[in-house]
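The values are calculated or read from the model by the stated rules, or taken from the named source; none is laboratory data. The structure displayed is predicted, hence computed values, not measured ones. Please note: Cβ atoms are built from the backbone with ideal geometry, for glycine as well, and neighbour counts cover all protein chains shown.
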Amino acid sequence: MSKCKTWIRGAAMSLFSAIYMAGCVSVDDQLGLDLVPDDQQAIILIDTLTIGIESYQTLPDSMVTSNQGYIMCGIMGSADAGATTASGGMQFLPEDKGLTFGYNPVIDSVFMSLVVYNVVGDTTLAKAKDYYIYEIKEGALSYDSTYYAFFDPSTAIHPNPLFRFSFSGSAHLGYRVNLTDPANILPEGQAFLDRLTQVTAEDSESAETFHNKFGGLWIAPDPATTPADGAICYIYPSITYSSLEYDSYLTVHARNFDQSAPAVVKDTLTRYYFFTSVNASVTSLSHDYTGTPVQAALANGTTTVSPVVYSHSPAGATPMLRFSDAFTQTLRGMMTHNGVQYGSLAINRAEIRIPVADNTIPFLNRSPQRLGMYYNYNTYSPMPDFVFNAYGAGYESYYGGYLQRAKSYYSMDITSYAQRLATGASTTPREIYLGMMPTAISDYYTGYYYSFENVFTDAFTAIDSGAIKVILTYTLVK
């Protein structure tokens, strides 16, 4: 029995040794590779490109701000971004056609109600600022015309203000101002109201005839107002909130007299004038970068590469990246590897990392948490990887664009764009603008639509141009 066990044990050890020795045999992983056709041999590589990515500072000059469904008013500023001032105008129409004020009318009071639905800036710090209301010249605005962020209101308004009021910069669905309060009404304002009571039935028969008499109202911060502790407000002609509709409008309380007995009051009247969305509206935005780093970067313009470029909203400094010939030549040169020329280059993934120049927490907090990439920022025309209008509520495509706070850089997937550059497509723009993200809004009837209201947020960041890199994972095929 003992000899039998010894024999079995010996046989088992021999079998184990044979298996072990077989496992140590070197295997040629290239076995059979010579049987694969040359045009089907491929390798996958990872590389990083830093050459030929140029950064320039720009300032958009054609960003549309007319008929956006809101106007912006206010002033705010900071040491690094300077002062931003916004003012806006809206046309208005009477509630009904053909209404008049009757014989010898007298206005008792006038109130202005404004829907201030959104506020840009720190509302916990915002202090009351003074605003003036001006009359827009007759025919100066047209709903069918396009106006831009740098629209000069002095060309469209009468120089002397009608009214003034104070506003703190907090959101209100119906902020009400008594325009006839002695503290608010100015001499030109009384003359404006007197003219309003003299409107004939023919004057109010159509929008065109009425706007030929009254061009609208323009709201602007007092020129003496400082940007410290300020805010910029969005004023909506009308808005639906929680299934209720809120409007911006004027309410005129008046009385008229009996023509046969001029001292006798005949009627007390209330007339409404609405700033509806069928009327023209426009916002004017101005930036004063004097004494800020942005001023020096803008002085370089698009002719000199800036070591640091700035992204500032609303409609302010905008970085532009240019992928030069040096970049595309390096990209296409990767088709040669270890002295072997490959037939094609297929990019599996291209990630661009755009570093923030200041990695302190307060600066990262103020930086936009996501950036988009546009062929044309003025018209919000996205580059191919950033097709925000094709991905539903959060447009969560592979693009990304988020600020990686722990590493202080923005990360974007630009695979499609890089592939176009690699194939030498002559129609592919070399210039990409970094701008704010649109907001996806759910709509019961149309699914989602995209609002660029978010473009005008109080966001500011600085980009370290010299550290921008593109990380490529690509396949070379013989």
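Across region 320-369, which residue is nearest to Ile432 (Cα to Cα) among those that are assigned to a helix (DSSP H, G or I) and among the β-branched types (Val, Ile, Thr)? Within region 320-369, the match that is nearest to Ile432 (Cα to Cα) is Thr328.
A single member of Ala191, Ala201 is over 30 Å from the mean Cα position of the chain (by Cα) and exposed (fewer than 12 other Cβ atoms within 10 Å of the Cβ), and it is Ala201. When Thr318, Thr283, Thr292 are screened for being farther than 22 Å from Asn378 by Cα, buried (at least 18 other Cβ atoms within 10 Å of the Cβ) and in contact with a strand residue (DSSP E or B) (Cβ under 8 Å, 6 or more places away or on another chain), only Thr292 passes. For region 85-106, residues that are surrounded by 15 or more Cβ atoms within 10 Å (Cβ to Cβ), out of contact with any Asp or Glu (no Cβ under 8 Å at 6 or more places or on another chain) and part of a strand (DSSP E or B) total 7. A count restricted to region 427-448 and to residues that are at pLDDT below 80 and farther than 19 Å from Arg370 by Cα stands at 7. The residue list Thr268, Thr240, Thr251, Thr225 contains one member that is under 25 Å from Ser168 (Cα atoms), assigned to a strand (DSSP E or B) and touching a Lys or Arg at 6+ places or on another chain (Cβ under 8 Å), which is Thr251.
Conditions (1) in a loop (DSSP other than H, G, I, E, B); (2) small (Gly, Ala, Ser); (3) surrounded by fewer than 21 Cβ atoms within 10 Å (Cβ to Cβ), marked per residue:
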site: Glu54; (1), (2), (3): no, no, yes
site: Asp61; (1), (2), (3): yes, no, yes
site: Met112; (1), (2), (3): no, no, no
site: Asp130; (1), (2), (3): no, no, yes
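Within region 163-186, no residue that is at negative phi and modelled with pLDDT of 95 or more sits with its Cβ atom under 6 Å from a residue that is acidic (Asp, Glu) and not in a strand (DSSP E or B) at 6+ positions apart or across chains.
Among the criteria (1) surrounded by fewer than 21 Cβ atoms within 10 Å (Cβ to Cβ); (2) farther than 24 Å from Met63 by Cβ; (3) free of Cβ contacts under 8 Å to residues at least 60 places away in the same chain, the one Thr155 does not fulfil is (2).
Against the conditions (1) modelled with pLDDT of 90 or more; (2) more than 18 Å from Leu45 (Cβ to Cβ); (3) surrounded by 20 or more Cβ atoms within 10 Å (Cβ to Cβ), Arg405 satisfies every one except (3).
Answer yes or no as to whether Phe192 is at pLDDT 95 or above, assigned by TED's automatic domain parsing to the domain that holds Pro105 and closer than 23 Å to Val106 by Cα. For Phe192, the condition - at pLDDT 95 or above, assigned by TED's automatic domain parsing to the domain that holds Pro105 and closer than 23 Å to Val106 by Cα - is met. Take the residues in region 300-319 that are assigned to a loop (DSSP other than H, G, I, E, B) and in contact with a helix residue (DSSP H, G or I) (Cβ under 9 Å, 6 or more places away or on another chain); name whichever of them is modelled with the lowest pLDDT. Ranking the candidates gives Pro314 first.
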